[in-house]
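Only one structure is covered here, and it is reproduced in the block below.
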Amino acid sequence: MSRLKWLGAGALAVSLTAWGAAGTAIARGQESQTNAAAKGDPTTHMTPAEIESGKLNFQGSCGECHGVDASGGVGPNLHGVVQKRGPQGVFDIIRNGLPGTAMAPVSSLNDKRAWQVVAYLKTLKAAPGSMTAEGDPAKGKELYASNGCAMCHEIDGKGGAVGPPLTGIGSMRSPKYLEEVLIDPAKNPPPDPALPDRRMWTGYVLTKVVTKDGKMFVGSRVNEDTFTITLRDMAGNYRTFDKSKLRSVDKEFGKSFMPSFSHLSESQRNDLVAYLMTLKGAQ
Amino acid sequence: MRIFGRMAIALAAVLIPAACMAQTPVTFQDIEHSAAAPNPGNWLTYGGNLAAQRFSELKQINTDNVKSLKVAWVFQMGGRGVIESVPLVNNGIMYVTEPPSTVVALDARTGKELWQYTPQLPRDLVVIGLFPTNRGVALLGNNVYLNTIDAHLVCLDAKTGREKWKVEVADNKQGFADTGAPLAINGKIIVGVGGGEAGAHGFLSAFDANTGKLLWRLFTVPRAADEPGADTWTNGSWSNGGGTTWNTGSYDPATNTIYWGTGNPAPDWNGKGRLGDNLFTCSLLAIDANTGKMKWYFQFSPHETHDWDSSEPPVLFDAKVDGQIRHLVALANRNAFYYVLDRDTGKFITGVPFAKQTWAKGLDRNGRPIENPNIEPTPEGNLVYPSLTGGVNWTSPCYSPLTGLFYVNARDAGAWYIQGEPKMAPGNSVGVVGGGGGGGRFMVGDQDVTSIRALDAVTGKRVWNFEMVGDSWTGVLATAGNLVFSADAEGNFFALNATTGENLWHINLGAALRSNPMTYAVDGHQYVADSSGNSLFVFDLPQQ
């Protein structure tokens, strides 16, 4: 706790737990694969020039979140995504976005270009083993319980709301990412699904505000504009402040409510990651 | 030149009650006095006045009472898309556009629709750049002039919305598009073109306001080896084009001079094949309105490789420099420098950064940038400030003759610039990356900071700063009520004290505002307007 310089120990006398990435809504995938079979797959007869155009479009419209080479960034790694969700499934996500995540409909791509992007992504196969974890999921589930992860994270409707819900985390993130987060939770924070994150703000930013009459509040920022800021406290309650009535607003970028789990053994972390990778959401 | 003087403003700002709403012809003299006496309630041209100052002499809404501002009416637009339109108002009738190219006439007191016009657009429309939009119309005589997304100029009957004539400005199949508002001057309609991402060869055109006949056309990039500027492009690379003219310029009636900015050279982020200064891209052009001949040019970013178009509105004003009144033109450039030039000669007077920049040590005595090393885009991405979207982009700044300040929505973010292999072909635009030979990754969220910034208009020195949360894309409006209006990215429309920057009023409209605010009056009652999301919001004070 000492790394959180201004967080009162009393306010955070809660066991802190694992976090991963945003997003649970993945039900669309199965339906989409059915559609693909019915409609045919435009990516099957695309020329190399069209696929190249898809690559360039991907870099321009998607690379900002998913990495210029689609290896992931704020958004997940997309290598193997077409094999997993089907061409129509990926196309539908480009068109409609993924509700509950920061993935918004991509209006800058028309249908033709969106299909070219799908064709390009189809050429990116998942690296062997990149989406499978080495550990024992059963042991990982026990570790999840014994470390109090559920106090902050929700799985299938059960658990806390301080950190991101983990119901579909195994579909959203790679084991490598989860391993990194367990060691350094603040390194690559995911967007907060609680906020309409159109501007891709840093998610789960620890924030302390002090009112002009000296009252201090600490929480995770869930919304902010020029005049107001909304925090969510450890109990999941929201508080909105008029900034003109605040003495100070301190945002601790690079810090997280979640403690590091570097004290677990590597094999324990592998078990925990293996368990998290079994959480595939509503599919 | 009265509209540029400071002194006259103080004498003039009196509301003249208009008769009831009626479509009346707009004369060139009316446009010369837009947003000023004797009819300050009219906003007749995109930039508020021909000097593009976006300053209104209206002062019924002022620093004392702005806190009582309330919604007067809301117009829900049809269709989808980003609203970037600035409404024009003539004698109680408002003309506003919806994306991609629809014009709507409204009763400016009630928001009730009078007519609308949507052009027939080709089914295989080539969309260049980010998204189809339209920034507004021009008015002259009994006509409304519209630039369309398929690069046509349309003349409508202002009473009925009926199409009088329509001419092609450029071939949309070659990658041209028009999103900016036309500029109406005496008997002529001045129209630019967009399409820089597709390597469109930029030009500016003047059309006869009555007939639509093309009067002249000025190309901004050479078209042959013996044309001026061709020697600033190696190996005939001028043939790739660039230098588009997609935003609206300004006009000085005293010298009959049009001022218009030009966009990036093509291909954009990869300059290896086009060594040299690449004239007349990323420049301000001063143009004889009768002949279309260039009087002078000033290039802000020679051999540009970061998408820093110089398309920002050139703002004209007169002010003392070293004790002498000078005719000036100021431009807050996408490259993050604020420039002041002598508008009669093009001579450089001032140039200072107004937003965070890491690409230049400064400017030399002629205003040419002294570049830092290692600023070129790379295949991996090279972090340079400002970002692709620039220290400012298309959103308009404003100038108040009352305060002598220049107000701009400034962005202090960088981008990782990526160099790709250019694939230039007519009409070939693959998003930001691709045809243009690269692109970039933006800073987002908390890293992407915008502020309303007040600069001393002559020296560029920062006088005050109002920092916002998020990446705001709203222009700025100044009024004789000593107010500055703008908005943040989160949907807050607000008023600031023009002298101090103090926030006096705000309202959350629920969606980002992506257009320039404007103000007008009907029957002596002042309104302020801007668009949020899909709706046009209009505000006024409670009636006494």
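So which residues in the range B:251-282 are in a strand (DSSP E or B) and under 13 Å from B:Leu204 (Cα atoms)?
The answer is B:Ile258, B:Tyr259, B:Trp260, B:Gly261.
Out of all the residues in the range B:201-247, which are without any contact (Cβ under 8 Å) to a residue 40 or more places away in the chain and in contact with a Phe, Trp or Tyr (Cβ under 6 Å, 6 or more places away or on another chain)?
B:Phe219, B:Ala230
Which condition breaks for B:Leu455 when tested against (1) within 14 Å of another protein chain (Cβ to nearest Cβ); (2) buried (at least 24 other Cβ atoms within 10 Å of the Cβ)?
(1)
Considering only the range B:345-401, state which residues are part of a strand (DSSP E or B), among the hydroxyl-bearing types (Ser, Thr, Tyr) and modelled with pLDDT under 95.
B:Thr378
Check off (1) at pLDDT below 80; (2) of a type in the set (Lys, Arg); (3) touching a strand residue (DSSP E or B) at 6+ places or on another chain (Cβ under 6 Å) for A:Arg199 and give me the number that stays unchecked.
So the condition that A:Arg199 fails would be (3).
Would you confirm, using the coordinates I've provided, whether B:Gly249 is surrounded by fewer than 24 Cβ atoms within 10 Å (Cβ to Cβ) and either under 24 Å from B:Gly367 (Cβ atoms) or over 25 Å from the mean Cα position of the chain (by Cα) (or both)?
no
Give me the pairs, please: first residue somewhere in the range B:485-499 and on the phi < 0 side of the Ramachandran plot, second residue anywhere and at pLDDT below 95 and of a type in the set (D, E, K, R), beta-carbon distance under 7 Å, and either six or more positions apart or on two chains.
Between residues of the range B:485-499 that are on the phi < 0 side of the Ramachandran plot and residues that are at pLDDT below 95 and of a type in the set (D, E, K, R), the close pairs are B:Asp488/A:Asp225; B:Ala489/A:Arg199; B:Ala489/B:Asp471; B:Glu490/A:Asp225; B:Asn492/A:Asp225.
Any residue that is over 27 Å from B:Ile31 (Cα atoms), in contact with a Lys or Arg (Cβ under 6 Å, 6 or more places away or on another chain) and crowded, with 18+ Cβ neighbours inside 10 Å - is there at least one of those in the range B:63-78?
no
Would you say B:Gly161 is surrounded by fewer than 24 Cβ atoms within 10 Å (Cβ to Cβ), of a type outside the set (D, E, K, R) and in contact with a Cys (Cβ under 8 Å, 6 or more places away or on another chain)?
For B:Gly161, the condition - surrounded by fewer than 24 Cβ atoms within 10 Å (Cβ to Cβ), of a type outside the set (D, E, K, R) and in contact with a Cys (Cβ under 8 Å, 6 or more places away or on another chain) - is not met.
Can you tell me how many residues within the range B:150-199 are over 20 Å from the mean Cα position of the chain (by Cα) and of a type in the set (Phe, Trp, Tyr)?
The number of residues fulfilling the criteria is 1.
Please list, ordered by residue number, the helices (runs of 4 or more DSSP H) wholly in the range A:46-88 having 1 or more residues that are away from chain B (no Cβ under 14 Å).
In the range A:46-88, the matching helices (runs of 4 or more DSSP H) lie at A:81-85.
Which strands (runs of 3 or more DSSP E) sit wholly inside the range A:206-276 and have at least 1 residues that are at pLDDT 95 or above, within 13 Å of chain B (Cβ to nearest Cβ) and under 22 Å from B:Asp446 (Cα atoms)?
Answer list for the range A:206-276: A:228-232, A:238-242, A:246-252.
Would you please name the residue that is surrounded by the most Cβ atoms within 10 Å (Cβ to Cβ), looking only at residues in the range A:166-187 that are part of a helix (DSSP H, G or I) and of a type in the set (Asp, Glu)?
Residue satisfying both the conditions and the ranking: A:Glu179.
I'm told B:Glu502 meets every condition in (1) free of Cβ contacts under 8 Å to residues at least 12 places away in the same chain; (2) away from every other protein chain (no Cβ under 14 Å) except one. Can you identify the failing condition by its number?
All conditions are met except number (2).
Could you check the range B:300-343 and list, in sequence order, the residues that are under 21 Å from B:Asp364 (Cα atoms), surrounded by fewer than 19 Cβ atoms within 10 Å (Cβ to Cβ) and in contact with a strand residue (DSSP E or B) (Cβ under 7 Å, 6 or more places away or on another chain)?
B:Val321, B:Asp342 - these are the residues of the range B:300-343 that are under 21 Å from B:Asp364 (Cα atoms), surrounded by fewer than 19 Cβ atoms within 10 Å (Cβ to Cβ) and in contact with a strand residue (DSSP E or B) (Cβ under 7 Å, 6 or more places away or on another chain).
Residue check, B:Ser472 against (1) touching a Ser or Thr at 6+ places or on another chain (Cβ under 7 Å); (2) in a loop (DSSP other than H, G, I, E, B); (3) surrounded by fewer than 23 Cβ atoms within 10 Å (Cβ to Cβ); (4) not acidic (Asp, Glu), all met but one. Which one?
It fails just one condition, (3).
Test B:Glu227 against the criterion of being in a loop (DSSP other than H, G, I, E, B) and of a type in the set (Asp, Glu), and give yes or no.
Answer is yes for this residue.
Answer yes or no as to whether B:Val463 is of a type in the set (A, V, I, L, M), closer than 15 Å to B:Thr395 by Cα, part of a strand (DSSP E or B) and out of contact with any Ser or Thr (no Cβ under 7 Å at 6 or more places or on another chain).
When the stated conditions are applied, B:Val463 does not pass them.
Does the range B:515-525 hold any residues that are touching a residue at least 60 places away in the same chain (Cβ under 8 Å) and surrounded by 24 or more Cβ atoms within 10 Å (Cβ to Cβ), and which are they?
If the condition is that a residue be touching a residue at least 60 places away in the same chain (Cβ under 8 Å) and surrounded by 24 or more Cβ atoms within 10 Å (Cβ to Cβ), then B:Ser515, B:Asn516, B:Met518, B:Thr519, B:Tyr520, B:Ala521 are the ones that fit.
Go through the residues of the range B:488-495 one by one and say whether even a single one is more than 11 Å from chain A (Cβ to nearest Cβ), of a type outside the set (Gly, Ala, Ser) and either buried (at least 20 other Cβ atoms within 10 Å of the Cβ) or touching a Leu at 6+ places or on another chain (Cβ under 9 Å) (or both).
no
The values are calculated or read from the model by the stated rules, or taken from the named source; none is laboratory data. It should be emphasised that the depicted structure is a prediction, and the values quoted were computed from it without experimental measurement. For neighbour counting, all protein chains shown are included, and Cβ atoms are generated from backbone atoms with ideal geometry for every residue, glycine included.
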